[in-house]
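Worksheet for the structure shown next.
The values are calculated or read from the model by the stated rules, or taken from the named source; none is laboratory data. Just so we're clear, the structure is a prediction, and the values are computed from it rather than from any experiment. Ideal geometry is used to build each Cβ from the backbone, glycine not excepted, and the neighbour counts take in all protein chains shown.
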Amino acid sequence: MPTPLDRATSQRVGDFWSWNLLYVGPFFAFAALVTGVAAWSIWGQDLFPSSDPTGDPETWTHDQCIAWLNHRNLHPSPLATTAELLERIKANMRVARDGNYGATGRQN
């Protein structure tokens with residue numbers, strides 16, 4: 001009874017490659033899938049996101065206020081006035097603290 005090694009050495013080259021592709025094909029399909037998912041996760045997002053408006057929010061235009069809120073997923077209303085948008089921006093800006101109080105935010 002011939003062993004798998006005997007069969008592999010006695011086969012013609014064309015038969016060997018067609019048999020081998022049954023095992024190699026799924027590997028390359030999986031590798032292509034992993035590569036595609038990695039590329040989508042990297043390039044599917046903004047590689048170079050637009051910068052936030054700088055300076056005092058009181059001097060920002062209506063479009064800059066909307067852009068600032070959109071960058072933070074705060075979903076500004078399209079009907080909101082500039083004054084209403086400024087109020088939301090000021091409410092959501094980070095508060096500058098004098099010292100570093102750790103994770104609790106309390107002074108000892």
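Per-residue answers, yes or no, for (1) at pLDDT 80 or above; (2) among the basic types (Lys, Arg); (3) out of contact with any His (no Cβ under 8 Å at 6 or more places or on another chain); (4) part of a loop (DSSP other than H, G, I, E, B):
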position	(1), (2), (3), (4)
LEU5	no, no, yes, no
PHE16	no, no, yes, no
PHE28	yes, no, yes, no
VAL34	yes, no, yes, no
ALA38	yes, no, yes, no
GLU58	yes, no, yes, no
LEU74	yes, no, yes, yes
ALA91	yes, no, yes, no
GLY99	no, no, yes, yes
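Please verify whether THR81 is loosely packed, with under 10 Cβ neighbours inside 10 Å, among the β-branched types (Val, Ile, Thr), modelled with pLDDT of 85 or more and out of contact with any helix residue (DSSP H, G or I) (no Cβ under 6 Å at 6 or more places or on another chain), treating the condition exactly as stated.
So THR81 does not fit the description; no.
Within region 43-56, track down each residue that is at pLDDT below 75 and not small (Gly, Ala, Ser).
GLN45, ASP46, LEU47, PHE48, PRO49
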